[in-house]
Amino acid sequence: MKAYVEWKGGMLLEGKNAEGMSTFFDSHHPEQCYGTPMEIMLQAMASCSIMDVISILEKKRKTITALHVEVDSDRSDGHPKVFTAVRLRYTLISPDAELKDLERSVELSQHSYCSASAMFQKAGCEVSWICEVKAS
């Protein structure tokens with residue numbers, strides 16, 4: 001896996017993967033148009049896990065009307081300001097999935113499949129989650 005990042009002026013950066021697909025990064029200032037690198041790390045963790053959960057639920061033949069993850073985090077006070085805790089709240093909207101289906105899918109994602117979450121955990125970050133299912 002390879003990546004390329006180019007400075008575009010100010011604090012705007014454009015990252016590209018090997019296929020040339022772009023992700024933009026910015027810093028917090030009034031003209032900010034994109035997420036910061038740390039925000040995008042949280043989004044990447046949630047995205048990685050959602051992909052796992054969707055795959056697992058589909059294998060269980062569950063209908064997914066919607067699925068989202070709300071991410072909240074804590075960072076250390078001193079530099080480097082690493083993540084010390086990340087809390088994920090999974091919300092699944094489905095006509096046929098039960099809470100146990102979502103909880104098991106998330107458990108498998110977090111303990112076996114999600115490489116992004118594993119990176120956080122192996123760096124000493126506490127990762128926790130809660131799940132809810134709403135009928136559609």
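How far apart, in nm, are two points set 7 Å out from the Cα along the Cα-to-Cβ line at LEU12 and at LYS81?
According to this spin-label approximation, the distance is 2.3 nm.
With only alpha-carbon atoms counted, please give the Rg and Dmax of the range 62-136, in Å.
Using the Cα atoms of the range 62-136, the pair Rg, Dmax is 14.2, 46 Å.
To the nearest 0.05, what FRET efficiency results for GLU103 and SER47 with a Förster distance of 25 Å applied to their C-beta separation?
Here the calculated transfer efficiency is 0.80.
Report the paramagnetic label zone for ALA135: residues of the range 74-95 whose backbone N is under 12 Å from a point 7 Å from Cα along the Cα-to-Cβ axis.
94-95
Going through the DSSP H helices of the chain, which span 24 Å or more along their own axis at the Cα atoms while scoring at least -0.5 as a mean Kyte-Doolittle hydropathy?
37-59
Match the structure shown to one of the listed values [x] 42, 38, 35; [y] 44, 32, 26; [z] 49, 35, 31 of Cα extents along the principal axes in Å, computed from it, and give that label.
Correct label is [z].
Read the figures in this text as sums done on the coordinates, not as results from a lab. These numbers come from a predicted model, not from an experiment. With ideal geometry, Cβ positions are generated from the backbone for all residues, glycine too; neighbour counts draw on all protein chains shown.
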